1. Could you list all residues from region 322-341 that are modelled with pLDDT of 95 or more and of a type in the set (Val, Ile, Thr)?
2. For Val275, indicate whether it is among the β-branched types (Val, Ile, Thr), surrounded by fewer than 21 Cβ atoms within 10 Å (Cβ to Cβ) and modelled with pLDDT under 95.
3. Would you check which residues across region 39-50 are assigned to a loop (DSSP other than H, G, I, E, B) and within 6 Å of the ligand (Cβ to nearest atom) and list them?
4. For region 223-272, name all the residues that are at pLDDT 95 or above, over 28 Å from Phe197 (Cα atoms) and hydrophobic (A, V, I, L, M, F, W, C).
5. With respect to Val211, determine if the residue is in contact (Cβ under 8 Å) with a residue 40 or more places away in the chain, aliphatic (A, V, I, L, M), more than 12 Å from the ligand (Cβ to nearest atom) and over 18 Å from Val284 (Cβ atoms).
6. Regarding Leu244, is this residue under 19 Å from the mean Cα position of the chain (by Cα) and under 17 Å from Phe98 (Cβ atoms)?
7. Would you confirm whether any residue within region 110-129 is within 12 Å of the ligand (Cβ to nearest atom) and either part of a helix (DSSP H, G or I) or free of Cβ contacts under 8 Å to residues at least 12 places away in the same chain (or both)?
Amino acid sequence: MAAPKVAVVGAGVIGLSTALCIAETCPGCSVTVLSDQFSPNTTSDVAAGMLIPHTYPGTPIHVQKQWFKETFSYLFAISNSAEASEAGIHLVSGWQVFKNTPKEELPFWSDVVLGFRPMSEAELQKFPRHQFGQAFTTLKCDCPPYLLWLEKRLKATGVQMSTRKVTDLWELNSEYHVVVNCAGIGACQLVGDEKIFPVRGQVLKVHAPWVKNFIRDGDGLTYIYPGVHRVTLGGTREKENWSLSPDPGTTKDIFDRCCSLEPSLRGAQDIKVKVGLRPSRQCVRLQKEVLSQGGVKLLVVHNYGHGAGGFSVHRGTAKEAARLVGECIADLQGSSSRAKL
Ligand code: FAD
């Protein structure tokens, strides 16, 4: 058969990293990314990009841990290279603080991040309303630069990129052998998945260069994540809310909550407000599907539904999606050589 042609639908962190893994692991195939939006207009551009996993209740913990480990190692290597500043990847140390001691004192990812330990009494004095905390060093992606870096890598490996809204995966059948669905919340319409739902998140991006450590309330709702140029203040988690308009009341509430954790933020300047819809699901949909219409087959690999933790696991899920694409191509090559016999 001719060089296999693969279409990846979606250009957020999941689509771009999946396309890159396919190009790296299936060198003979031609890869095209098709998306109605590219950076800076994706949900991935809004994210804080911290590598702190969120648990997917429908996915075994050892699988989630493997995805996180692979992502952490990949980005750690970038953070230690001359690419780090262009890719927007850096190490960041800080604290996760709890008003009450959590049931599970050691999260599953505690031995993947660096130097995980309980906070000392002296550190806890900074947080008079909290009684327990964990200190560790993790990685942070500055999201728009990281997405642009991925796009640059894709172009350098010969991957095509095209702006296009796909209304039905079948419209790609005549042009491509395998279609990879990385449409994020767009999968709701694209494949009619009723298990995916938006969890609206509003964040502030502020200028506060003196803030160097991250602070995260253990409830996951209030967080302060310093990036290279701006600090992300969060946040909200509003299930089934599709609105992309910033809410001024929420902006004030986020700012007040963050100032109660880090009072120096009262001096923050140039406050910008961003909203994104987390593509949430009980588990990431990471699987092959053979669609069939009138005797014609379409090979699809799904990789979407990363909810609140897409950056934390993107490389791990991209590698698995690329492996599934490799299996589809092997099946196609097997059936085309059988047909010639
Ligand atoms: P998207 O970025 O939404 O990309 C989907 C792509 O598909 C887009 O390019 C879109 O245009 C395209 N598309 C959709 N439908 C179609 C179609 N029909 N035809 C063509 N193209 C289509 N995660 C972390 O790990 N750490 C964090 O600190 C973090 N913070 C966050 C903070 C906020 C406020 C939010 C909202 C999210 C945060 N997340 C975080 C979660 C993370 O942003 C997501 O898990 C991740 O961005 C999902 O990536 P994606 O590529 O699946 O989706």
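The values are calculated or read from the model by the stated rules, or taken from the named source; none is laboratory data. None of the values given here were measured: they were computed from a predicted structure. We place every Cβ from the backbone using ideal geometry, glycine too, and count neighbours over all the protein chains shown. These area figures cover heavy atoms from the full protein model, side chains too; ligands, DNA and RNA do not enter into them. Shrake-Rupley method; radii C 1.70, N 1.55, O 1.52, S 1.80 Å.
1. Val325
2. Details: among the β-branched types (Val, Ile, Thr): yes; surrounded by fewer than 21 Cβ atoms within 10 Å (Cβ to Cβ): yes; modelled with pLDDT under 95: no.
So Val275 fails the test.
3. Pass one, region 39-50, residues assigned to a loop (DSSP other than H, G, I, E, B): 39-42, 47-49.
Selection gives Thr42, Ala47, Ala48, Gly49.
4. If the condition is that a residue be at pLDDT 95 or above, over 28 Å from Phe197 (Cα atoms) and hydrophobic (A, V, I, L, M, F, W, C), then Cys259, Leu261, Leu265, Ala268, Ile271 are the ones that fit.
5. Working: in contact (Cβ under 8 Å) with a residue 40 or more places away in the chain: yes; aliphatic (A, V, I, L, M): yes; more than 12 Å from the ligand (Cβ to nearest atom): yes; over 18 Å from Val284 (Cβ atoms): yes.
The answer is yes for Val211.
6. Values: under 19 Å from the mean Cα position of the chain (by Cα): yes; under 17 Å from Phe98 (Cβ atoms): no.
No, not satisfied.
7. Let us first name the residues in region 110-129 that are within 12 Å of the ligand (Cβ to nearest atom), namely none.
Within region 110-129, not a single residue is within 12 Å of the ligand (Cβ to nearest atom) and either part of a helix (DSSP H, G or I) or free of Cβ contacts under 8 Å to residues at least 12 places away in the same chain (or both).
Per-residue answers, yes or no, for (1) away from the ligand (no atom under 11 Å from the Cβ); (2) under 24 Å from Ser73 (Cβ atoms); (3) at pLDDT 95 or above:
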position	(1), (2), (3)
Gly12	no, yes, yes
Ser17	no, yes, yes
Ile22	yes, yes, yes
Leu34	no, no, yes
Ile52	no, yes, yes
